[in-house]
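Asks: Encoded as C-alpha cells, here's the structure I'll be asking about.
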Amino acid sequence: MSQVSDSSSWGNAPRAEARSDLPFIPLAVPSITDREIAKVTDAVKSGFVSSVGPYVEEFENTFAELVGAKHAVACSSGTAAIHLAFAVLDVPRGAEIAVPDFTFVGSSNPIAYVGAKPWLIDSESETWCLDQDRLIEALEDRKRRGDALPAVIEPVHILGQPARIDRLIEFCRSNGIAVVEDAAESLGATWSDGAFAGRHTGTVGTIGAFSFNGNKLATAGGGGMLVTDDAELAKRAKHLSTQAKVPDIGYLHDEVGYNYRLTNIAAALGLAQIERLDELKARRAHVAARYEAAFADTDIVTQPRIEGFDATYWLYSVLVPKGAGAEYRDALWKHLGAQQIGSRPLWRPLHLQPPWQASDRLGGEVAEDIFTRGLSLPCSFDLTDADQDRVIEAVLEFDSAASA
Ligand SMILES: *Cc1c(COP(=O)(O)O)cnc(C)c1O
C-alpha cells in the first residue's frame, strides 16, 4: 500500500514521530453551526428521515436557483450524479468519454459503470484543469481523418478552479458532443469574464454534477446534485435515481434504475450549508490569500489565481519547487505530520491507476508533474490565523532547510 492510499480525509500523514504537545490541525473538516443542527433536528423530528420529505425538494430548488440552473436533482453522491448524467444521455457501451488525466476517480469510475472508454486528457499548467487547446487540436485532427469523436466530454473544475472551456464548449455544440461538467469540487466557483461571465461552473455544459461529500466546500454528510436546463434530462435523472419507479402505479418499474436518492436528513444538512455558502467561500478566500502572501517570495508554487476565473480554493494546494519531485513532497508531508499538521498529496493521475493505465491518452506530463509536486494544506473553515501561521512556518522551515 502506498502512503497516498493510507490518507484519510483528515489529512493524515504517518505520524509515528508526531509531537504530542501540539494540537492536531486537520486538513479539511466541515463547519457545523446551530443552523445545521436545527435543520437536521427538524428533519429527524418530522419523521421524514428517509428519501421522502420536504427538505429534498427545498434543497433542489434552492440549489438550482443558487447556481442558475433550471433543474436540480438531489442524489446520494457526486459519483452517482455523474453516473446518472451518462445514463440519461444514453451513452452507448463502448463509447468514448474524454476526461482529465489529473482528477479524482469519482470522475472516471462512472465512465466504467456505463461501459464506456475513457480518453485521458492532460492538464494545462496554468489552471491545472484539462487542456482545451490540446484537446481541440486532437479533435480537429480526428475530424480531418474522418475518425469518430467522443460521445461526451467531461471537464473537471479542479480544486474549485473553473476550467478554461470556452472554445471546447463551442466545439462540442457545433459537433453534437454532450458536455458533463464535473463540478464536484467547484461549488460556488464562477467566471467573471469571457463567454461565461456571471455563470457558475457546472451550468455551462449539458449537465453538471456537484458533490456534498464530507470534505467538500459544503457538505450533506454525503450527497450530490445533478443540474441541467433540459427538463426531459432532469425528469429522467429523477426517475432513474428512484429505481425507475413509475409514480401512482403499484410497483411498476419501466427500466433498470438505481437507488441514488438523497435522504431528507442529508438534504436538511446540505440546505443549511448552502445557505452559508458566501461565508464558507469567504473563509477559503481568506485562507488562500494568506498562503499566497506567505509563499510569494519562495520557490513554492501556489494554487492558480487567474483574472476572470473566480475560484473557490477548495482544498488549498501548493506545488513543491520545480525539480524537487515526489521525495521532497513526501518528506514535507511527513514533516508536517510530525508537527501535528494534516496535509495530503494530490491525486495520482488516472494513467497511473491500475483500472485506467491502458486507456488512450493525450499527454500526461503536466498531470504527473502536478501529482509529483502537489500537496494540499489545512484549509478548514475553522482554521484560525494562528493555526495557519503554524502551518506556514512549518512549510517555510522545511523549504529553507531543503534548499540550504
Ligand atoms: C469528490 C469528487 C467526486 C465524487 O463525489 P462524491 O460525492 O464523493 O461521490 C467526483 N469528482 C471529483 C473531481 C471529486 O473531487
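Asks: Please determine whether any residue of the range 93-113 is open to solvent by 20 Å² or more (accessible area, probe 1.4 Å), over 20 Å from Leu352 (Cβ atoms), within 16 Å of the ligand (Cβ to nearest atom) and in contact with a helix residue (DSSP H, G or I) (Cβ under 6 Å, 6 or more places away or on another chain).
Replies: Scanning the range 93-113 turns up at least one residue that is open to solvent by 20 Å² or more (accessible area, probe 1.4 Å), over 20 Å from Leu352 (Cβ atoms), within 16 Å of the ligand (Cβ to nearest atom) and in contact with a helix residue (DSSP H, G or I) (Cβ under 6 Å, 6 or more places away or on another chain).
Asks: To continue, here is another question. From the list Arg290, Arg284, exactly one residue is touching a residue at least 12 places away in the same chain (Cβ under 8 Å), open to solvent by less than 20 Å² (accessible area, probe 1.4 Å) and outside the structural domain of Thr41 (by TED's automatic domain parsing). Which is it?
Replies: Only one candidate passes the filter, namely Arg284.
Asks: Could I ask something else about it? Look through Glu124, Glu137 and report the one residue that is at pLDDT 95 or above and more than 18 Å from the chain's Cα centre (by Cα).
Replies: Testing whether each residue is at pLDDT 95 or above and more than 18 Å from the chain's Cα centre (by Cα) leaves just Glu137.
Asks: Quick check, is Gly270 in a loop (DSSP other than H, G, I, E, B) and assigned by TED's automatic domain parsing to the domain that holds Val56?
Replies: no
Asks: Testing Thr228 on (1) open to solvent by less than 40 Å² (accessible area, probe 1.4 Å); (2) in contact with a Leu (Cβ under 8 Å, 6 or more places away or on another chain); (3) under 24 Å from Ala151 (Cβ atoms), one condition comes back false. Which one is that?
Replies: (2)
Asks: Checking Gln303 against (1) farther than 17 Å from Thr372 by Cα; (2) touching a Phe, Trp or Tyr at 6+ places or on another chain (Cβ under 8 Å): exactly one of these is not met. Which one?
Replies: Looking at each condition in turn, Gln303 falls short on (1).
Asks: Only one residue in Ala184, Ala234, Ala209 is assigned to a strand (DSSP E or B), of a type in the set (Gly, Ala, Ser) and either under 13 Å from His71 (Cα atoms) or within 16 Å of the ligand (Cβ to nearest atom) (or both). Which one?
Replies: From the options Ala184, Ala234, Ala209, the qualifying one is Ala209.
Asks: Quick one: which residue in Thr312, Thr372 is open to solvent by 20 Å² or more (accessible area, probe 1.4 Å) and among the β-branched types (Val, Ile, Thr)?
Replies: Criteria check complete, one pass: Thr372.
Asks: Right, next: Filter the range 163-186 for residues that are in contact (Cβ under 8 Å) with a residue 40 or more places away in the chain and touching a Lys or Arg at 6+ places or on another chain (Cβ under 9 Å) and give the result.
Replies: The answer is Ala184, Glu185.
The values are calculated or read from the model by the stated rules, or taken from the named source; none is laboratory data. Keep in mind that what you see is a predicted model, and the values were worked out from it rather than measured. All Cβ positions, glycine included, derive from the backbone under ideal geometry; neighbour counts span all protein chains shown. Note: accessible area is taken over every heavy atom of the protein model, side chains too, but ligands, DNA and RNA are not part of it. Shrake-Rupley method; radii C 1.70, N 1.55, O 1.52, S 1.80 Å.
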